[in-house]
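Engineer: Below is the structure I would like to discuss, written out as structure tokens.
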Amino acid sequence: MDGRDRRFGIERASGKYSWLKRLPIHGERLYGKACSPEVWQRSRKRFCGCFFSLLFSIIVEWVGMVLWWPEQGIDHSRTMLANEIRYLDTDFRRSVVTSDPARFAKEVADGTYHYLFEVTRVVAFIHWVSPPLRQEEQGMRPTLHKIYRPLAEFVIAAMQVT
């Protein structure tokens, strides 16, 4: 073999981590020739842009909870989400994607929440670690509870911004 995978036209990697390049998540192996490296690179840049935008939104929300609206606390992110959906409902009655943009945005937000936090069991973990500790309780939960308790509002606010 000349170092190229004849089925997909990509270089065959050799070395300790060569198996990583053979995984189906690699752009050309996943989509074959239909997805050029340039398209794959642009998609990766867009994903990173969305990810860092989300990260920036979470950080702004946390800073705002401490500095600008400490009296609202966690309710600020809930109120902002409701306001944004209301703006969509009043300003955009129809769109190219859907006939009801507000309902579509709510469904996307609910679906995102479901897959990011319920399927991954983050919500179950929060429900497990949140209740007050019993006097004789030992193990990992008391330690996690001590870490989670001061950060609870920030974790929930990050989940709502997402």
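Engineer: At SER130 and ARG44, where each label point lies 7 Å from the Cα along Cα→Cβ, what is the point-to-point distance in nanometres?
Structural biologist: 3.9 nm
Engineer: Convex hull over the Cα atoms of segment 50-161, averaged projected area in nm²? Walk me through the numbers before you get to the answer.
Structural biologist: Details: hull surface 35.9 nm².
The Cα convex hull of segment 50-161, projected and averaged over all directions, gives 9.0 nm².
Engineer: How much length is gained if the chain between ARG149 and PHE117 is pulled fully straight, taking 0.36 nm per residue apart and subtracting their Cα-Cα distance, in nm to one decimal?
Structural biologist: Numbers: separation 32, 0.36 × 32 = 11.52 nm, distance 1.85 nm.
Full-extension gain reported as 9.7 nm.
Engineer: Per 0.36 nm of contour for each residue apart, how much would the distance between MET140 and ALA109 grow if the chain were fully extended, relative to their Cα-Cα spacing?
Structural biologist: Extra length from MET140 to ALA109 when fully extended: 7.9 nm.
Each reported figure results from applying straightforward, stated rules to the coordinates on display, with no laboratory input. The shown structure was predicted, so the numbers you read here are calculated from the model rather than taken from an experiment. Quick reminder, even Gly has a Cβ in these numbers, built from the backbone with ideal geometry, and neighbours come from all protein chains shown.
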